[in-house]
Amino acid sequence: MHNATPFRVMVTKIGLDGHDRGSRIVAAYLRDAGMEVIYTPPWQTLAATVKRAIEEDVDVIGVSSLATDHLLVPQLMDSLRGSGLMHVKVIVGGIVPDDEWPLLLRSGVSRIFGPGSSREEIVSVVTNLALQARQERAAEFAEEPS
């Protein structure tokens, strides 16, 4: 780990998708790697997700999608920016049709993981994104007038 304080990652499901097997597996990968995982139940609203991200002081949000709920992620990105959480990195995992990747990436999603992504790849990418989030947040605080 690069920090004395473990990286904080929220694993969530927004919208109406209740299939959570994949997100539970990813949460276990991240916990096993020493990260602090905030795991939400399915069916989260965008407002609840942003509120929890603020309360839990997360570095990364992982959104799991098995249906079409990833199409809500651009709105989530707007809500995060509107709440001053520009440093929080967002990843999406699950079933995302190839032709919908550009929409997510343009909205600010840092990475999309499809089925078959390895534990090593997920842990490595999330670690790097969390470190980047902390660096950006520290830079934001350093720029704020006293």
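So if R0 is 30 Å, what FRET efficiency would Phe141 and Asp98 give, r being the distance between their Cβ atoms, rounded to the nearest 0.05?
0.20
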For this session: Work out from phi, with θ = phi - 60° and the Karplus expression 6.51 cos²θ - 1.76 cosθ + 1.60, the ³J(HN,Hα) of each residue of region 72-89, listed in order in whole Hz, and give x for Gly and Pro.
Result: 7, 4, x, 5, 4, 4, 4, 5, 5, 4, x, 9, x, 9, 5, 7, 5, 8
For this session: Please list, in chain and number order, the residues 5+ apart from Ile38 or on another chain whose amide H is under 5 Å from its amide H, with Hs placed from the backbone.
Result: Val9, Met10, Val11
Exercise. Once phi is turned into ³J(HN,Hα) by the Karplus curve 6.51 cos²θ - 1.76 cosθ + 1.60 with θ = phi - 60°, what whole-Hz value does each residue of region 116-129 show in order, with x for glycine and proline?
Worked result: x, 4, 7, 4, 4, 5, 4, 4, 4, 5, 5, 4, 5, 5
Problem set entry | Net lengthening on full extension, Arg31/Ser107 (0.36 nm per residue, minus Cα-Cα) | 24.6 nm
Problem set entry | Extended-chain gain in nm, criterion 0.36 nm per residue less alpha-carbon gap, Gln132 and Glu55 | 25.7 nm
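For Asp59, Asp20, what's the fewest-to-most ordering of other Cβ within 10 Å of each Cβ? Write down the numbers at each step before the final one.
Details: Asp59 28, Asp20 18.
Lowest count first: Asp20, Asp59.
If each residue of separation counts as 0.36 nm, what is the full-extension length gain between Asp78 and Ala48 once their alpha-carbon separation is subtracted?
On the way: separation 30, 0.36 × 30 = 10.80 nm, distance 1.40 nm.
Here the segment from Asp78 to Ala48 would lengthen by 9.4 nm.
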Exercise. Ala67 label point, 7 Å along Cα→Cβ, cut-off 16 Å on backbone N: hits in region 100-117?
Worked result: none
Seminar exercise, completed: Going residue by residue through region 43-58, the Karplus relation 6.51 cos²θ - 1.76 cosθ + 1.60 with θ = phi - 60° gives ³J(HN,Hα) values, rounded to whole Hz and with x marking Gly or Pro, of 6, 7, 7, 5, 4, 5, 5, 5, 4, 5, 4, 5, 4, 8, 6, 7
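Taking region 1-109, which chymotrypsin sites (Phe, Trp or Tyr not before Pro) meet the DSSP loop condition and have no more than 16 other C-beta atoms within 10 Å?
Trp43
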Problem set entry | Unit charges on C-beta of K, R, D, E only; dipole of region 8-143, Debye | 180 debye
Problem set entry | Whole-angstrom Cα spans of the chain along principal axes, big to small | 46, 31, 26
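A short reminder: the numbers here are calculations on the coordinates, not readings from a lab. These figures come from a predicted structure and were not determined experimentally. So basically every Cβ, Gly included, is an ideal-geometry build from the backbone, and we count neighbours across all protein chains shown.
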